[in-house]
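Take a look at the structure below.
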Amino acid sequence: MSNTLKPYLAAVRSTLTAALTLENFSSQVVERHNKPEVETGGSKEVLLNPLTISRNENERVLIEPSVNSIRLSIRIKQSDEIERILCHKFTRFMMQRAESFIVLRRKPVPGHDISFLITNTHSETMLKHKIVDFIIEFVLFHFRRLAANSCDRFMEEVDKEISAMKLNLNWRARTVAESYLLAFNT
Amino acid sequence: MDTAFRKIDIDQYDEDVLHDSELYEIDPRDPSQVLEEAKQRQAAVRTSLSRNDISGALSTILDNPPYGPNVEQAKDITLQTLLTILNTTKSTEISAVTRSLSQDAQDTLMKYLYKGMAMPGWGDISGSVLLGWHEKLTEIAGTGCIVRTMTDRRLV
């Protein structure tokens, strides 16, 4: 299953490069306003067809392009309860600091775990291939290690980061419970 | 009743409003005719596959695909047939086969690949097969193929 990672990332990279052809487009509804059309969802003519790239049912990337902005939402594989919690905390940590990430969206699109909004101003001020690299390397690779365990090698090659987090979590829970219950041992 | 006037979407009654049907050319064929064609193509593809003629099968299925509303069953049949072709092609043959397709056929194939990836649990869709084809097709047809998938309103 992990041998689909490279084509998955390649597909996301090529689709993102194709979608990042953005240009300035003022709002057709309100004069003198300039809004990201994918967010306002106004007229049908400025919105393009949304594309999905999926590796399996639990991991997908949804790209919604439009004339002046694109929205990219990622759904990460979370196999058990603890991974769900860890993923939620991790994404929340990043989304609360969305200002410094510039392209991050504060709320994920429903059905996904994290979302990006890239507008024409971003693609004008920043290098497009660098934006693509950022999204692929930082998020996907990092999340791949976080949510990591590829199904066929779950038992053999448990990812160190997530297993360490889990062990740490369990150890802390045990210590806290122990010292708490000691107080009742009279 | 008087207080509800603010909730009416006044823009829909404007004479200049853009309808979905104006965005692309409607398929002139009748839905039942489209369904017939899809079934015939399915049979033709089966014979091509039994003779191991992959590129012939692909060109048959990608030519004049059903698109637009009202033809859901034809679209499903076409997608299913295409998936059988994709699954039976060996990975070494993919490049040669895609190179032999016309540009329109390559665009249609890309549209079907994305459609397949949007429904990961449907039928016998295999994520790895679709991703492998996507990689080879992008290599050959370029990013322009993806841009055309995004902008073409004739959703297959």
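Each value in this text was obtained by applying a stated rule to the coordinates, not by laboratory testing. The model shown is predicted, which means the values in this text are computed figures rather than measured ones. Here the Cβ is made from the backbone with ideal geometry for all residues, glycine too, and neighbour counts use every protein chain on show.
Look at the alpha carbon pairs under 8 Å that are at least 6 residues apart: their mean separation over the length of region B:1-128 gives a relative contact order of 21 percent.
With the simple spin-label model, which puts each label point 7 Å out from Cα in the Cβ direction, the A:Ala98 to A:Asn3 separation comes to 4.0 nm. Within straight-line reach of B:Lys111, meaning a Cα separation under 18 Å, sit the following lysines at least 8 residues removed in sequence or on another chain: B:Lys75, B:Lys136.
From least to most packed, judged by other beta carbons within 10 angstrom and beginning with the fewest, A:Thr15, A:Thr121 follow the order A:Thr121, A:Thr15. Checking the a/c ratio against 1.5 first, then a/b against b/c, what shape does the Cα gyration tensor give for chain B? Note, shape of chain B comes out prolate. Listed from fewest to most Cβ neighbours within 10 Å, the set B:Lys115, A:Lys130 follows the order A:Lys130, B:Lys115. Of the residues A:Leu167, B:Leu35, the one with the fewest other Cβ atoms within 10 Å heads the list, and the complete ranking is A:Leu167, B:Leu35.
Between the residues B:Leu130, B:Gly144, B:Ala118, the greatest Cα displacement towards the positive end of the dipole of region B:116-156, with unit charges on the Cβ of Lys, Arg, Asp and Glu, is found for B:Gly144. Counting Cβ atoms of other protein chains within 10 Å of each residue's Cβ and taking the mean over peptide A:50-59 gives 6. Applying 0.36 nm per residue to the separation of B:Arg99 and B:Ala43 and subtracting their alpha-carbon distance, the gain on full extension is 17.7 nm. The modelled label-to-label distance between B:Gln80 and B:Asn52, using points 7 Å beyond Cα along the C-beta direction, is 2.8 nm. Do the alpha carbons of any pairs in A:Lys89/B:Lys7; A:Lys6/B:Lys39; A:Lys35/A:Lys130 sit beyond 27 Å of each other, and which pairs? Checking Cα-Cα distances, A:Lys89/B:Lys7; A:Lys6/B:Lys39 exceed 27 Å. Taking N as the residue count of region B:96-154, its C-alpha radius of gyration divided by 2.2 N^0.38 Å amounts to 1.09.
Remark: region B:1-45 carries a charge dipole of roughly 420 debye about the Cα centre, counting +1 on each Lys and Arg Cβ and -1 on each Asp and Glu Cβ.
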